[in-house]
1. Considering only residues that are touching a Lys or Arg at 6+ places or on another chain (Cβ under 7 Å) and modelled with pLDDT under 95, look in region 515-544 and name the one that is surrounded by the fewest Cβ atoms within 10 Å (Cβ to Cβ).
2. For region 525-570, give me each residue that is within 16 Å of the ligand (Cβ to nearest atom) and touching a Ser or Thr at 6+ places or on another chain (Cβ under 7 Å).
3. Identify, from the list Asp455, Asp435, the residue that is farther than 30 Å from Phe259 by Cα, modelled with pLDDT of 90 or more and surrounded by fewer than 19 Cβ atoms within 10 Å (Cβ to Cβ).
4. Which residue pairs have Cβ atoms under 9 Å apart, sit 6 or more places apart or on different chains, and have a first residue in region 205-218 that is in contact (Cβ under 8 Å) with a residue 12 or more places away in the chain and assigned to a loop (DSSP other than H, G, I, E, B) and a second that is of a type in the set (Val, Ile, Thr) and within 15 Å of the ligand (Cβ to nearest atom)?
5. Let me spell it out: the conditions are (1) out of contact with any Lys or Arg (no Cβ under 8 Å at 6 or more places or on another chain); (2) closer than 18 Å to Thr101 by Cβ; (3) surrounded by fewer than 20 Cβ atoms within 10 Å (Cβ to Cβ); (4) modelled with pLDDT of 95 or more, and Leu39 meets all of them except one. Which number is the exception?
6. Identify, from the list Val317, Val301, the residue that is under 30 Å from Val474 (Cβ atoms) and crowded, with 19+ Cβ neighbours inside 10 Å.
7. Kindly provide the set of residues from region 275-293 that are farther than 11 Å from Ser403 by Cβ and among the small types (Gly, Ala, Ser), ordered by number.
8. Of the conditions (1) within 30 Å of Leu204 (Cβ to Cβ); (2) of a type in the set (A, V, I, L, M); (3) more than 16 Å from the ligand (Cβ to nearest atom), Leu405 satisfies every one except a single condition; which number is it?
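The values are calculated or read from the model by the stated rules, or taken from the named source; none is laboratory data. Every value quoted in this text rests on a predicted model; they were computed, and no experiment measured them. All Cβ positions, glycine included, derive from the backbone under ideal geometry; neighbour counts span all protein chains shown.
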Amino acid sequence: MLRSHSCGELRLENVNQEVKLAGWVQRVRNKGGLIWVDLRDRYGVTQLIFEEGSTDKALLEKAAQLGREFVVQASGVVIERTSKNDKIPTGSIEVKVAELTVLNPAKVPPFIIEDETDGGDDLRMKYRYLDLRRGVVREKLQLRHRMMQETRKYMDAEDFIEVETPVLIKSTPEGARDFVVPSRVNPGEFYALPQSPQTFKQLLMVSGFDRYFQIVKCFRDEDLRADRQPEFTQIDCEMSFVEQEDILSTFEGLTKHLFREVKGVELEEVKRMTFADAMKYYGNDKPDVRFDMKFVELNEVAQGKGFGIFDSAELVVGICPKGAAEYTRKQLDALTEWVKRPQIGAKGLVYVKYNADGSLKSTVDKFFDQEALGAWAEKFGAEPGDLMLVLSGDTKTVRKQLSELRLKMGEDLGLRDRSVFKPLWVVDFPLFEWDDETNRFHAMHHPFTSPKKEDIALLETDPGAVRANAYDLVINGVEIGGGSIRIHDKATQKLMFKHLGFTDEEAQKQFGFLMEAFEYGAPPHGGIAFGFDRLCAIFGGSDSIRDYIAFPKNNSGRDVMIDSPSTIADDQLEELSIKVDLKS
Ligand code: ASP
């Protein structure tokens with residue numbers, strides 16, 4: 001071994017011991033006759049000391065020539081520090097070096113490799129392997145590792161079997177574009193990378209595996225955001241002979257296990273909310289329930305008073321931020337501007353201040369007297385000191401706008417505390433979702449999701465009203481996972497494809513294998529998948545999943561470190577029978 005201890009290990013108990021450390025030079029402080037070196041490895045930082053008089057001259061000179069990020073080995077004795085540093089676990093000791101070997105010098109790094117760095121995002125992405133040396137970044141991957149181990153521990157104890165499924169497959173519809181891979185030996189034919197292992201895990205149920213899980217890479221070619229990467233990781237699961245309730249309780253169990261073991265947090269029972277209520281009260285299928293501020297519908301009290309904008313609206317709806325009546329005119333104007341930005345798209349914002357003296361002051365006083373505004377306040381359950389913010393328009397649009405405003409108010413009022421965790425099951429999702437662009441229904445979850453028995457009759461008459469046996473796990477307003485009880489008979493699966501606009505031939509070509517499998521004794525089954533990167537980000541208190549991925553892609557789906565994607569050689573293209581014809 002090149003070392004006897006790690007750089008995070010030595011304490012006062014080790015004083016007087018002879019030790020050998022190896023690591024990277026984080027910092028050198030040269031005070032002439034006295035040199036300190038911070039030596040870093042994965043486990044921490046230990047201070048090395050070289051002192052004139054007790055250290056021989058050649059050694060002192062060698063130490064003086066160390067540069068940042070040199071890889072060195074140092075042997076010496078552990079001594080107690082005169083001035084201790086209580087910010088690091090090794091802060092009470094230092095190592096008085098007797099022998100120093102440079103194992104490998106280093107070029108000057110492009111940014112400072114410490115928790116506080118001067119490197120911008122792009123630079124750190126290009127030199128990600130250096131960024132990963134920083135403690136704050138490394139800790140995120142360590143958290144991810146813990147989450148992975150604890151997931152496997154829980155799943156194994158619950159009798160789940162981890163099975164790997166192939167990466168070169170055929171399209172699995174999860175609502176995104178596929179990444180495709182050309183086949184050299186089958187010219188003109190392509191594999192698709194899995195958007196999820198959905199069909200394979202269902203086939204494993206037909207095989208009798210009964211409880212499957214996999215921590216698995218999935219690939220979706222869609223527009224990127226802070227919480228999206230073209231390749232990401234799921235905790236993917238499937239179970240046989242179960243109902244929705246069994247899946248919810250098993251994965252509530254996993255969620256609680258992870259919070260307990262990794263964060264030391266005891267979660268309360270996970271609340272449930274129907275999709276319909278989530279939309280009505282939060283305007284969102286992934287409500288942040290760390291705070292209340294529910295939507296209140298006001299049509300009854302706000303329409304018919306001569307205010308045209310309200311009268312012509314399908315929905316007049318508002319929120320009541322508690323204690324916000326003290327918002328100044330300037331703050332309220334800023335809020336109005338905020339909802340009018342194109343990203344939100346509201347035409348305006350009506351507000352009512354419920355003043356401490358009990359009077360009500362609104363932007364629509366011309367149409368609503370104190371009594372009329374009093375009726376609003378009653379609907380809101382408002383008290384003096386509260387603010388009421390009201391939007392109007394068509395139901396779908398106005399709910400979306402108000403949902404954004406609610407989240408903003410929650411943020412502004414400090415109600416979205418990152419150390420508070422409020423998971424929620426959203427259940428009874430619609431089976432279909434209407435798509436204005438293509439002018440037809442799409443599967444809201446995916447085409448293998450079963451409709452609720454009691455809604456099957458509606459399939460022919462009112463498909464938009466059919467509810468699915470589908471559920472999402474939401475934590476603090478972030479969708480962490482989703483799944484469903486599946487269709488397990490050929491007839492229903494065929495009917496589903498028909499409603500999704502597939503011809504028999506198309507359905508057969510794409511999913512014939514699954515429908516055939518359903519004819520060989522498919523058990524009732526269902527499952528779920530958690531977005532693992534997002535779950536890690538929530539645990540780490542971060543909005544971006546990128547930090548929790550060792551080698552992430554940037555916003556254009558590019559890995560700037562290895563410079564990918566990139567062109568390939570002409571003969572490689574020829575071998576694949578591919579001609580590139582760029583339009584622009
Ligand atoms: N395959 C689904 C997804 O990736 C999850 C599931 O239905 O189990 O969202």
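1. As a first pass, look at region 515-544 and keep what is touching a Lys or Arg at 6+ places or on another chain (Cβ under 7 Å): 515, 518-519, 525-527, 536, 539-541.
Checking the rest, the ones that are also modelled with pLDDT under 95 come to 515, 541.
Numbers: Met515: 18, Gly541: 11.
Ranking the candidates gives Gly541 first.
2. Quick first cut of region 525-570, residues within 16 Å of the ligand (Cβ to nearest atom) only: 525-535, 545.
Answer for region 525-570, where residues must be within 16 Å of the ligand (Cβ to nearest atom) and touching a Ser or Thr at 6+ places or on another chain (Cβ under 7 Å): His525, Gly526, Ala529, Phe532, Asp533.
3. On the way: Asp435 fails: modelled with pLDDT of 90 or more.
Answer to the check: Asp455.
4. Here the result reads Phe209/Val163, each pair linking region 205-218 to a residue that is of a type in the set (Val, Ile, Thr) and within 15 Å of the ligand (Cβ to nearest atom).
5. Only one criterion is unmet by Leu39, namely (3).
6. Values: Val301 fails: under 30 Å from Val474 (Cβ atoms).
Step by step, each of Val317, Val301 is checked, and only Val317 is under 30 Å from Val474 (Cβ atoms) and crowded, with 19+ Cβ neighbours inside 10 Å.
7. Result: Ala276, single match.
8. Unmet for Leu405, out of (1) within 30 Å of Leu204 (Cβ to Cβ); (2) of a type in the set (A, V, I, L, M); (3) more than 16 Å from the ligand (Cβ to nearest atom): (1).
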